[in-house]
Structure formats: C-alpha cells, structure tokens
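Reviewing the structure listed below.
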Amino acid sequence: MIELAPSILSADFARLGQQAQAAVDGGATVLHLDVMDGHFVPNLTIGPAVVASLRKLSKVAFDCHLMVQRPDEFIPAFAEAGADWISVHQEACVHLDRTLHLIASHGCKPGVVINPATPLHTLDEVLPLVHHVLVMSVNPGFGGQTFIHSSLKKMEQLRQIRESRGLLFRIEVDGGVNHDTVTDIARAGAEILVAGSAIFEQGDPRENARHLLESARSVASDSTQSVSSVAAI
Ligand code: DX5
Ligand code: ZN
C-alpha cells in the first residue's frame, strides 16, 4: 500500500498544525519532518520543540529525517519529542550500524537515507537493520527542486534486493515528488512518498494530498491488475 508523507518544510509555519492536519485529512498517514543543521546541508529548520508541539495535535506516524552532522547527539531528544521513525544519512554517519541501533534503542523505527550521488551498495550491510530506506531524489537542503531521474533505478534495485534477500524494509522517496513524477515513482516501487511543495505551496493541502495519493495508488493498482492478468494466462 502506497502512503503519503507530506513534508512540512513547504508549509506555512504560522499555521503549521492546521496545514499538517489538512494534509492528513486528505489521506496522508505519515508526517515527514525535515531537520537541518546548517552544516550537513546549507539550511536550518526545526528542532525537537516543533516535533513535540505537533505531537500534541496529531496521531499519525512522525517521520524525522535528520540532515545533521553527528546525529547520535540528537536522536534521544527527537525520540523524546515524539518521533516514530528516525532516519539518518549514510553520508553523515561514521558508525552507521551503531547509530541505527541507537535509534531502535530509543523505541523508534530506524531508517537510512542516501543522497543522489551515493551508490546503493554502501547500504548492503545495514539493510537487515532498517525499517525504511529513504532514497533522496534531490540533493537535500531545500524544497521545490527538480526530481533526479537516476533515483528511479535505485528504487527498482531496492525492490529486487529486498525480494532476493528476503528483507522487510520499506522504500521511501524524497524530493521532487509531484503530479509529473508520481507515476514513474510508483512504478519504480516506492511505497512512502514524501512531498512538500506539491502539497503545501499552492491551493488546499487536503485536496493536493488527495489527488497525489490517488494518482500514485492508481498506478499501483494498475500494476497489480496487470500482474494478476498475467498470472491468469
Ligand atoms: C529536502 C527535504 C524534503 C523536501 C522535499 O532536503 O528532505 O523533504 O521538503 O520537498 P519537495 O517535495 O518540494 O521536493
Ligand atoms: Zn526530507
């Protein structure tokens, strides 16, 4: 089942709770919270206090995407603030295995993120440890960037690796997910779609969420139908 995880990065922060709720009303089942430190990426965003405030308003899963150097120092605070999932960048972690165990030890689902320039094989050893793999389809730091098409191949390969190794991680995509790209993304096998500007930049977040999810799910159900018709032959 494809899920939508709106990224609040493009929301109006003066009306954050309201906008997040609108996206949930439109069918989003996860909220994607982008944490940036001005070092790992050239931008600054939110800290644990914002996560804790939103936690009081919403029951959906909170997906904290840490774009920070030395994430181990911040994991306990985000877990305490109410994060359900915490993902860290392969590129930011010297001891990635230790960091993923640290996330799990705080009661959160660990995820690993890879940048567009990072090859998939760098995740070989940690795939059995993670709840999700987040494929960056833009260089992290900002909303509203153009989708990098080579990331589709990574999603397809992850799906194959998961099957051949009998693993359970979910495949998430982040960056440039919108009406023009969602069909290819759903076909490539992504199951959790992060979308910021497509949800919050214009119009009503509720309707935007509903439309995007509908397009993604129609592709997914098409592929199920074509698989079952092949099976029937
Ligand atoms: C970028 C962030 C994304 C961002 C996506 O570094 O990780 O979550 O909000 O924004 P869009 O969907 O506008 O590309
Ligand atoms: Zn993100």
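The values are calculated or read from the model by the stated rules, or taken from the named source; none is laboratory data. This one's a predicted model, so the numbers in the text were calculated from it and none came from an experiment. Positions of Cβ are backbone-derived with ideal geometry, glycine not excepted, and every protein chain shown enters the neighbour counts.
Consider the range 175-187 and keep the residues that are surrounded by 15 or more Cβ atoms within 10 Å (Cβ to Cβ) and of a type outside the set (D, E, K, R). The one that is nearest to Ala117 (Cα to Cα) is Gly175. Looking only at the range 9-19, which residues are in a helix (DSSP H, G or I) and in contact with a helix residue (DSSP H, G or I) (Cβ under 6 Å, 6 or more places away or on another chain)? Matches in the range 9-19: Ser10, Gly17, Gln19.
The number of residues in the range 130-183 that are of a type in the set (Lys, Arg) and over 22 Å from Trp85 (Cβ atoms) comes to 1. Filtering Ala231, Ala220 for residues that are surrounded by 14 or more Cβ atoms within 10 Å (Cβ to Cβ), modelled with pLDDT under 95, outside any loop (DSSP other than H, G, I, E, B) and not hydroxyl-bearing (Ser, Thr, Tyr) leaves a single hit, Ala220. When Pro71, Pro116, Pro128 are checked against the criterion of being more than 23 Å from Asn43 (Cβ to Cβ) and not hydrophobic (A, V, I, L, M, F, W, C), a single residue qualifies: Pro128. Within the range 188-208, if we keep just the residues that are assigned to a helix (DSSP H, G or I) and more than 16 Å from ligand 2 (Cβ to nearest atom), the residue that is surrounded by the most Cβ atoms within 10 Å (Cβ to Cβ) turns out to be Pro205.
Say whether the condition of being more than 12 Å from ligand 1 (Cβ to nearest atom), of a type in the set (Val, Ile, Thr) and touching a Leu at 6+ places or on another chain (Cβ under 8 Å) is met by at least one residue in the range 5-15. The answer is no, given that none of the residues of the range 5-15 is more than 12 Å from ligand 1 (Cβ to nearest atom), of a type in the set (Val, Ile, Thr) and touching a Leu at 6+ places or on another chain (Cβ under 8 Å).
Just for the range 171-216: of the residues that are among the β-branched types (Val, Ile, Thr) and within 12 Å of ligand 1 (Cβ to nearest atom), which one is nearest to Leu123 (Cα to Cα)? Step by step, filter the range 171-216, then rank; the result is Val173. Filtered by the rule that a residue be surrounded by 13 or more Cβ atoms within 10 Å (Cβ to Cβ), more than 17 Å from the chain's Cα centre (by Cα) and in a loop (DSSP other than H, G, I, E, B), the range 150-174 gives a lone residue, Leu167. Here Lys59 meets the list (1) without any contact (Cβ under 8 Å) to a residue 12 or more places away in the chain; (2) buried (at least 21 other Cβ atoms within 10 Å of the Cβ); (3) not hydrophobic (A, V, I, L, M, F, W, C) almost entirely, failing just condition (2). For the structure I just gave you, tell me whether Phe142 is surrounded by fewer than 18 Cβ atoms within 10 Å (Cβ to Cβ), in contact (Cβ under 8 Å) with a residue 40 or more places away in the chain and at negative phi. So Phe142 passes the test. Return yes when Ile86 is buried (at least 22 other Cβ atoms within 10 Å of the Cβ) and within 13 Å of ligand 1 (Cβ to nearest atom) and no when it is not. The answer is no for Ile86.
Report yes if some residue within the range 118-134 is of a type in the set (S, T, N, Q) and either within 16 Å of ligand 1 (Cβ to nearest atom) or within 17 Å of the chain's Cα centre (by Cα) (or both); otherwise report no. Yes, some residue in the range 118-134 is of a type in the set (S, T, N, Q) and either within 16 Å of ligand 1 (Cβ to nearest atom) or within 17 Å of the chain's Cα centre (by Cα) (or both). Being out of contact with any Ser or Thr (no Cβ under 9 Å at 6 or more places or on another chain) and in contact (Cβ under 8 Å) with a residue 60 or more places away in the chain holds for only one residue in Val51, Val94, Val68, Val41, and it is Val41.
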